[in-house]
1. Cα centroid distance between the range 105-144 and the range 47-78, in Å?
2. Less than 12 Å Cβ to Cβ from PHE9, Lys/Arg counted +1 and Asp/Glu -1: what total charge do the surrounding residues give?
3. List the equivalent ellipsoid semi-axes of the range 477-602 in whole Å, largest first, each obtained as the square root of 5λ for an eigenvalue λ of the Cα gyration tensor.
4. Can you work out the Karplus-derived ³J(HN,Hα) for every residue in the range 196-206? Use 6.51 cos²θ - 1.76 cosθ + 1.60 with θ = phi - 60°, whole Hz, and x for glycine or proline.
5. Cut-off is 10 Å between beta-carbons; in what order do SER219, SER62, SER603 appear when sorted fewest neighbours first?
6. Of LYS268/LYS319; LYS334/LYS594; LYS268/LYS424; LYS552/LYS587; LYS19/LYS199; LYS221/LYS570, which ones are farther than 24 Å apart at the Cα?
7. Under a 5 Å amide H to amide H cut-off, with H placed in plane at 1.01 Å, what residues pair with ASP580 once short-range neighbours are removed?
8. What do the square roots of 5 times the Cα gyration tensor eigenvalues come to for the range 296-360, in whole Å, largest first, as semi-axes of the equivalent ellipsoid?
Amino acid sequence: MMNTDVGFFNFSINKILTKEQTILDKARIRLLYYGLWLAIIGIIALIVNLYLDHQYVLALSSSVLLFSLIILFKYLTFRPRWAIISHILLVLATMINLCDVFFLLQTVDIITAQIILLIIIFSFYMLGQESGMFYSLMNLIPVLLFLILEYNNNYVISLKPLVIDPSTIIIAVCANFILIIFMHSHFYTAFIKSMKQLKETAEERGVLNVELEQVIEKSEKSAQAKSEFLSIMSHEIRTPLNAVIGMGNLLMMGNPRPDQKDNLEILKFSANNLLALVNDVLDFNKIEAGKVVFENIKFSIPELLQNVCGGLMLKAQEKELDFKINIDSSLKNKIVIGDPTRLSQIVFNLISNAIKFTHSGSVWVRVDCLEDRHNTVNVNFSIKDTGIGIEKDNLQAIFEPFTQESITTTRQYGGTGLGLAIVKRLLELQGLHMSVATKPGEGSEFSFNMEFPVSTERVVVHEEKQPVGLGEITDSIGHLRVLIAEDNMVNVMLMKKLFSKWGIVPTIAENGERAIEMVQYGNFDIILMDLQMPVLNGFDAAMEIRKMRDPKKANTPIIALTASALFDIKERVFSSGMNDYVSKPFKPDELREKMQNLVATFS
């Protein structure tokens, strides 16, 4: 890169050198600058000597060469295009060399050898290997051919060769040697300087690499600390939440009075909101850490949408909103392959937002089949509302984590501001894009397209299940011998009360070590194992139980009860020998169903 601000009358080398130029390029420019000065001085001395010796032809040709060098020098100080100037100089030198050998002097002497050496050195240093080889051969081959012809006395032309005075030869030889020494010295200095710079750069890179490794190590430790902190906070928050929600469920099962039921509904709503906030933070952390793995399992889109919208419809009714769901009829008889959990999460977040930010009017959920290619379907999911809408300037901000449209929005509607961020990340991880159409005060529409492979399996129509009475629950699991390994006394009390509703009197172990002793000396149909306990944790306790000599005891089904949010908790649970896990706060129906299934499997 050259300095375009250099004026035409510039003669300083400092103005044509820039910081962007490499050491080699700067060395080339300096070589041309000082080399042309030396060449000009040498040719002036040669011209004076030739004129005094009455060698007017050589004096004239040397004057033309001098004029050419002065023009090139001026061009260099105005626009330092060293490559072009180098090519011109090499062409001139080649023409002079061949003209001297074949016409003017008709001989090969020390000056000819010096000129060829100068051309070789200059071309390689200035232009690289290819140009160096080209100009070297352009001078060597004709000169060798001349020597062969002269050796056989076959070179004869009518032009009489010029006789050069010894003083002229001395001046030319001295000038050429000075140029050769200058070139070597200059590039040797540039080479040493370049090596020093490379060494310094290598040392700097070494220091930077060490610093980078330290930063990476700190980042990894920070990420690990963040994960562990979230896991601990998750456990500490979910444990009391488990008691709050569990006790609320137990009180609701006890046929409360209408006024008590209203209070319990408020308690349940607040606890579930708190749980949703905790889950959003943990889920977003999992997505950001790249721990999300998408499943490929069979499911029905209409069935999934009905399940997602079932609970949300009640929220809409509470706000007196008109909730509409429209699913393309062509999807009703199709089983698709994908990740129903993540699709439910995306749709749930979008519908929840639509209900939250809509005071009056309607919320529409629309699912259309855009393209049906038999083996794949392209489906459009659209959630539209008549809510507060979004300002255009804030459209990007609402997809950022922990961000809502404004502070007023956060204060008025609450929430973590993670819902849309989670939706966006989940779609981006699948290579999908969210479209938003919105008008402030009129509402918003969020939509996205998703392609699913279609299974050849047909939709099976399930008969509507009748609600299970308390007596039937007692009959189905009331006979079970249950061991609960739990150190938190509040959770122990909750579990006892819940199990009493099912007709079960559980045995309690306050830590993992005590649980192992009880399994050794007692008989249990199933074990509920908390993971974080004193003395011995749930993972180690489960592994010790699996090592027992009695096959019946060793194969006792174990369900992990966990409030942890670590990403690998599922893998750790199964690798330690446990059969399933339930996250705290758990749903009583979910726990009962898993207990029934495992006991039936292992009985």
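1. About 21 Å separates the Cα centre of the range 105-144 from the one of the range 47-78.
2. +2
3. Equivalent ellipsoid of the range 477-602: 19, 17, 15 Å, largest first.
4. 4, 5, 4, 5, 4, 5, 4, 5, 5, 5, x
5. Ordered by Cβ neighbours within 10 Å, fewest first: SER603, SER219, SER62.
6. From LYS268/LYS319; LYS334/LYS594; LYS268/LYS424; LYS552/LYS587; LYS19/LYS199; LYS221/LYS570, over 24 Å: LYS334/LYS594; LYS268/LYS424; LYS552/LYS587.
7. Here the answer is ILE558, ALA560, since their amide H atoms fall under 5 Å of that of ASP580.
8. Listed largest to smallest, the semi-axes of the range 296-360 are 24, 13, 8 Å.
Taken together, the values in this text are just the output of simple stated rules run on the coordinates, not laboratory data. Source: prediction; values computed, not measured. We place every Cβ from the backbone using ideal geometry, glycine too, and count neighbours over all the protein chains shown.
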